[in-house]
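Step one of this worksheet: look at the structure below.
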Amino acid sequence: MLSISKDRISKTTVKPQPRSGYDLQPRVAAATLGTGVDISSNRNAVVPIRPPRKHDMPQSLSAVYIHLVFSTKNRQPFLRDKVIRTRLHAQLGGISKTLGCAPILTGGVEDHVHLLARFGRTITQAEWVKELKRVSNLWLKDEYKIRDFEWQGGYADFSVSESNLEEVKRYIASQEEHHSKVNFQDELRALLQRHRIEWDERYVWD
C-alpha cells in the first residue's frame with residue numbers, strides 16, 4: 001500500500017475563505033478588538049476583558065490547501081449511479097468538515113474521488129484520509145447495501161497554493177468530461193509527474 005503526499009505548505013495571515021462547493025467554515029462566537037474589549041453576539045454589550053497573561057497561548061494561523069485523490073478497490077465502478085455519487089460527495093465533504101478540514105469541492109466519477117479542502121491544524125493527513133474512507137465506506141454499505149464496497153488502501157494528495165485554487169476547482173468540477181478521454185490511472189500518473197513525485201507501479205494502485 002502506497003500513500004503519496006507532496007507538501008508545499010502555504011502559510012498566510014487571515015484571508016477570506018473560499019465560499020464554493022461544500023465550504024462550510026465554523027462561525028466565530030465573538031471578536032476581540034485591539035483596544036481590549038470583547039464584542040459578543042449581543043451587539044449592545046461591550047465588556048472589558050483582562051489583558052493577556054504571561055502564559056497565554058499564542059495564536060496559530062494556517063492556510064494549507066490539499067487536493068486528495070483515491071479510488072475504489074481495484075478501480076471497480078461502484079459509483080456509476082449518479083445519485084449515489086452525488087450523495088457520496090456530499091457525505092465526504094461533511095466528514096471532512098467534522099474532522100476540522102473545511103471542504104471546498106468534492107468530485108469524481110464511477111471509480112474514484114477528488115476532494116479539495118483547507119487542511120486543519122489538529123489532524124494528520126493519514127488520520128484524515130483513514131476517517132474519510134472508513135466513515136464513507138460504512139455509509140455506502142448501510143445506505144445502499146453495497147456489501148462488497150471497498151476503497152483502495154492508498155491515496156495521493158497534493159498541496160495547492162491559494163493562487164491555484166480556482167484552477168483545481170475547475171479541474172475537479174469537469175471530471176466527467178475529463179474522463180471521457182482519460183482513465184483514472186493515466187490521470188493519476190499525469191498528476192504525479194506534474195508534481196515531480198516518484199512512484200512504484202507495483203503498489204500505487206493497491
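What follows is calculated from the coordinates using simple rules that are stated; it is not laboratory data. The shown structure was predicted, so the numbers you read here are calculated from the model rather than taken from an experiment. Virtual Cβ from ideal backbone geometry, glycine too; neighbours counted across all protein chains shown.
When the C-alpha to C-alpha distance is required to be over 28 Å, the pairs from LYS82/LYS130; LYS97/LYS141; LYS141/LYS181; LYS82/LYS169 that qualify are LYS141/LYS181. How many angstrom lie between the Cα centre of the range 127-143 and the Cα centre of the range 145-170? One Cα centre to the other: 14 Å. Once both labels are positioned 7 Å from their Cα atoms along Cα-to-Cβ, the gap between ARG170 and ALA126 label points is 3.7 nm. Counting charges near GLN76 (Lys, Arg +1; Asp, Glu -1) among other residues having Cβ under 10 Å from its Cβ returns a value of -1.
Two decimals, Cα atoms only, Kirkwood Rh: what is Rg/Rh over the range 65-194? Answer for the range 65-194: 0.93.
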